[in-house]
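The values are calculated or read from the model by the stated rules, or taken from the named source; none is laboratory data. Everything numeric here is computed off the predicted structure, so don't read it as measured data. Cβ sites come from the backbone with ideal geometry, for glycine too, and all protein chains shown count toward neighbours. These accessible areas exclude ligands, DNA and RNA; they are computed on the full protein's heavy atoms, side chains included. Shrake-Rupley method; radii C 1.70, N 1.55, O 1.52, S 1.80 Å.
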Amino acid sequence: ATRELAELNINDSRRNGDLLAERLGPWSPLDAATLRTRCFLLSQLTGATIALVLETRPAEARRLLREFDVLIDTVFEPPARPA
């Protein structure tokens, strides 16, 4: 990919992440900066995951999607408190 396409992809993920963080913000236990960062990352990873799923066999694709679901749950968990 060219640098311009990579920048477009990143900007799109950032925009989608910001929209998601805006909607989730009132219900999230995460601080605003952490939530925005996690939503940005999740937006980027979602596209990559779907591209991977489309290139794998059905059984593996289902496993990938199940594990991605676990990652999504983890992304929105509150930060662990220090012991």
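What the table below lists for this structure:
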quantity	calculated
Scope segment 1-31; condition at pLDDT 95 or above and in contact with a Gly (Cβ under 8 Å, 6 or more places away or on another chain); matching residues	SER13
Count of segment 1-30 residues which are assigned to a loop (DSSP other than H, G, I, E, B) and surrounded by 12 or more Cβ atoms within 10 Å (Cβ to Cβ)	2
Pairs where the first residue, in segment 65-76, is without any contact (Cβ under 8 Å) to a residue 24 or more places away in the chain and the second is of a type in the set (Val, Ile, Thr), C-beta under 7 Å, 6+ apart	LEU65/VAL53; PHE68/THR49
Failed item in (1) in a helix (DSSP H, G or I); (2) of a type in the set (Val, Ile, Thr); (3) under 28 Å from LEU5 (Cα atoms), with VAL70 passing the rest	(3)
Check on ALA51, open to solvent by less than 80 Å² (accessible area, probe 1.4 Å), closer than 20 Å to ILE10 by Cα and either without any contact (Cβ under 8 Å) to a residue 60 or more places away in the chain or not hydrophobic (A, V, I, L, M, F, W, C) (or both)	yes
